[in-house]
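Here is the structure we will look at.
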Amino acid sequence: METAKRTYALPAQIVKRFELEIAPGKRSAKVAELLEEWMREKQQEALRQNIIEGCQDMWDVYLETAKEWEPLDREADHALNL
């Protein structure tokens, strides 16, 4: 895998705690893992929002369809003695 080296300014206390937790030689992999997880969560949240918006946009269609089928639903319920 191709790698890229970057420099970022981080709070010293966070860096200190990170370096105490993660052994040298494993830190880059851990940062990559954390970034990947964060990006995946952002993507899932965006998809979730798109689904919610799509359902809201379709609400009128769902309601109209339910109204169209209501007489048949009542007839079926009556025939099944529900």
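None of the figures in this text is laboratory data; all of them are computed from the coordinates on show. What you see is a predicted model, and the numbers here were worked out from it, not measured in a lab. All Cβ positions, even for glycine, are placed from backbone atoms using ideal geometry, and neighbour counts span all protein chains on display.
Could you grab the pairs with beta carbons closer than 7 Å, sequence gap of 6+ or different chains, first residue in segment 15-34 and over 18 Å from K5 (Cβ atoms), second one assigned to a loop (DSSP other than H, G, I, E, B) and of a type in the set (D, E, K, R)?
From residues that are over 18 Å from K5 (Cβ atoms), there are no pairs.
Restricting to segment 34-59, name every residue that is acidic (D, E) and surrounded by 10 or more Cβ atoms within 10 Å (Cβ to Cβ).
Scanning segment 34-59 gives E36, E37, E41, E45, E53.
For V31, are the conditions met, namely being surrounded by 10 or more Cβ atoms within 10 Å (Cβ to Cβ) and part of a helix (DSSP H, G or I)?
In short, yes.
Taking the conditions exactly as written (over 30 Å from E21 (Cα atoms), within 13 Å of the chain's Cα centre (by Cα) and either of a type outside the set (A, V, I, L, M, F, W, C) or in a helix (DSSP H, G or I) (or both)), does Q49 satisfy them or not?
It is true that Q49 is over 30 Å from E21 (Cα atoms), within 13 Å of the chain's Cα centre (by Cα) and either of a type outside the set (A, V, I, L, M, F, W, C) or in a helix (DSSP H, G or I) (or both).
For segment 35-82, enumerate the residues that are hydrophobic (A, V, I, L, M, F, W, C) and within 30 Å of T3 (Cβ to Cβ).
Selection gives L35, W38, M39, A46, L47.
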